[in-house]
1. Name the residue that is surrounded by the fewest Cβ atoms within 10 Å (Cβ to Cβ), counting only residues in region 16-38 that are part of a loop (DSSP other than H, G, I, E, B) and modelled with pLDDT of 95 or more.
2. Six or more apart or on different chains, Cβ under 6 Å: which pairs go from a residue in region 126-151 that's surrounded by fewer than 14 Cβ atoms within 10 Å (Cβ to Cβ) to one that's not in a strand (DSSP E or B)? Could you list them?
């Protein structure tokens, strides 16, 4: 029978994995995502004429805040002591791309924090632009890279 890391194999219930015996490592994850926008909306973002405020910097701050809240949003994620969160939002011809880099020294990875940062950054853009663009599409949220280096 296959054993699963997040399931108590005696009861079949979900449980949080004990990472207490794992050595600490420097862990870095990079994720990215994209929101497709109309050309008019992209121009409004670049011209800073969206009524809710400066879209890119607010989306970046939202992503940073979200990365720090990941274990409150995703039930089996461990609380991590993040040492760095960097979120960058850039306009492209047909939308905005967000890239997030998360880093910690810990016993488990930081990919969920990077993916959460990207997702919430994109949702923030959606919220800020929903009055002017009814055809936005969030997509392509993915983990680009993760590394683990011994301390």
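1. Pass one, region 16-38, residues part of a loop (DSSP other than H, G, I, E, B): 16-24, 37-38.
Now restrict to residues that are modelled with pLDDT of 95 or more: 37-38.
Details: 37: 26, 38: 16.
In this case the residue turns out to be 38.
2. Between residues of region 126-151 that are surrounded by fewer than 14 Cβ atoms within 10 Å (Cβ to Cβ) and residues that are not in a strand (DSSP E or B), the close pairs are 151/24.
The values are calculated or read from the model by the stated rules, or taken from the named source; none is laboratory data. Not measured: the values here are computed from a predicted model. Every residue, glycine among them, receives a Cβ derived from its backbone with ideal geometry; neighbour counts consider all protein chains shown.
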